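Report on the structure given below.
Quick note: the coordinates plus some simple rules give every number you see, no bench work behind them. A quick note: this is a predicted structure, and the numbers were derived from the prediction, not measured. For neighbour counting, all protein chains shown are included, and Cβ atoms are generated from backbone atoms with ideal geometry for every residue, glycine included.
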Amino acid sequence: MSSTLPHSTNEPSAGLSPSRLPLIGWVARALLDFARLLREHRLLIFEMTRRALVDQHAGQVLGRIWAVCHPLMFAGIYILVFAFVFKSQFGGTADLPLDRPAFILAGLVPWLGMIRSMSLSASSLISGSNLVKQVVFPIEVLPVKDVLASFFGQLVSLLALVVYVLAKYGELSFSYLWLPVLLVMQFAFLCGVAFVLSALTPFFRDLRELVTVFAQIGIFTLPIIFVPPVSPVVEAVLHINPFSYPVWCYQDALFYGRIDHPLAWGVFAGMSLIGVAVGLRVFQRMKIIVGNVL
């Protein structure tokens with residue numbers, strides 16, 4: 001009488017393959033570290049962000065008022081130019097529900113917020129070199145502080161856009177409720193970018209200038225000045241630029257009032273999670289030696 005041993009195999013079960021599990025675990029651990037960073041140093045981050053906003057206009061006559069006036073003037077100029085000076089037949093249809101100023105600001109406001117964040121974070125460790133050289137100081141909070149500081153102007157501009165839409169149309173779409181989700185995804189994504197930029201700039205000082213150049217020409221590769229439908233060439237350029245995806249998401253929430261770009265939402269969510277995970281790990285590896293070049 002022969003006995004049959006149970007057949008065992010090392011083949012993976014249905015679902016995620018073993019090759020994907022280490023990557024998911026790596027990203028999950030990085031996200032937990034990022035959440036721990038925000039929780040443990042939340043008071044320090046808040047105070048440094050507040051001080052950065054206050055010191056930005058220190059010594060000026062109007063002082064802190066400029067922090068509000070700048071984004072309001074920026075939004076007001078675009079509304080004035082496109083709504084009253086260069087009037088055009090735009091919007092009022094199912095495909096384009098609002099007017100041209102709302103379309104441009106829906107994409108331009110988050111873009112300028114992202115550019116502001118990258119410009120500040122590129123100099124995070126350089127401007128805070130005295131803190132970097134202190135062994136006990138958690139230098140990860142420096143780029144996070146700059147990302148949060150960049151949000152203030154964006155929030156003021158968003159408020160101006162909300163007031164304009166309310167004044168002209170009398171109501172807001174329910175899609176405006178998606179803004180907190182978009183802001184959280186943008187924060188995570190920009191923190192990832194800020195970690196990388198701040199860690200690399202001490203070694204490659206030209207990165208700050210490259211960010212400035214990108215800010216000037218980047219708008220021509222984004223779905224801000226291009227009204228759909230666009231040519232296949234322009235569409236390809238827009239899809240290549242990773243910053244197009246958050247812009248599309250903001251346009252869905254602020255202009256279209258519906259999810260008109262479902263792919264962009266999935267890509268933006270993935271960019272946020274993977275971006276902050278990769279950025280934090282790059283920063284943690286390079287912060288050991290960054291003090292030697294400052």
Completion exercise
So the number of lysine pairs in region 36-293 with alpha-carbon atoms under 18 angstrom apart, 8 or more residues apart or on different chains, is 4
Practice task
Grab the Cα-Cα distance for GLN284 and ARG39, subtract it from 0.36 nm times how many residues apart they are, and report the gain in nm with one decimal.
Solution key: 86.4 nm
Practice task
Specify the inter-centroid distance of region 141-201 and region 230-278, based on alpha-carbon positions, in whole Å.
Solution key: 15
Practice task
Within 10 Å, count the other beta carbons around each residue, average over each peptide in 90-96, 111-117, and list them highest first.
Solution key: 111-117, 90-96
Practice task
For each of ILE224, ILE274, count neighbouring Cβ atoms within 10 Å of the residue's Cβ, then give the residues from fewest to most.
Solution key: ILE274, ILE224
Practice task
Give me the number: length gained by fully extending LEU159 to ALA94, i.e. 0.36 nm times residue separation minus the C-alpha to C-alpha distance, one decimal in nm.
Solution key: 21.0 nm
Problem - Estimated FRET transfer efficiency when R0 is 22 angstrom, pair SER231-LEU210 (beta carbons, to 0.05) - result: 0.20
Practice task
Show that you can apply the helix-only estimate: for the chain, add -39,500 (n - 2.57) for every DSSP H stretch of four or more residues, divide by all residues, and state [θ] at 222 nm to the nearest 500.
Solution key: -21000 deg cm²/dmol
Handout entry: Percent of alpha-carbon pairs separated by more than 23 Å within region 36-293
Key = 54
Exercise for the section: For each of ASP99, ASP206, count neighbouring Cβ atoms within 10 Å of the residue's Cβ, then give the residues from fewest to most. Expected result: ASP206, ASP99
Handout entry: Linear extension gain, THR221 paired with ARG29, 0.36 nm per residue minus alpha-carbon span
Key = 65.7 nm
Fill in the blank from the handout: So the FRET efficiency between ASN241 and ALA269, C-beta based with R0 = 22 Å and rounded to 0.05, is 0.80
Completion exercise
By Cβ neighbour count within 10 Å, fewest first, ILE126, ILE24 rank ILE24, ILE126
Handout entry: Test item: Cα-centred dipole of region 36-293, Lys/Arg +1 and Asp/Glu -1 on Cβ, debye
Key = 720
Practice task
Please turn the phi angles of region 160-173 into ³J(HN,Hα) values with the Karplus equation 6.51 cos²θ - 1.76 cosθ + 1.60 (θ = phi - 60°), one per residue in order, whole Hz, x for glycine and proline.
Solution key: 4, 5, 4, 4, 5, 5, 5, 5, 8, 10, x, 7, 10, 6
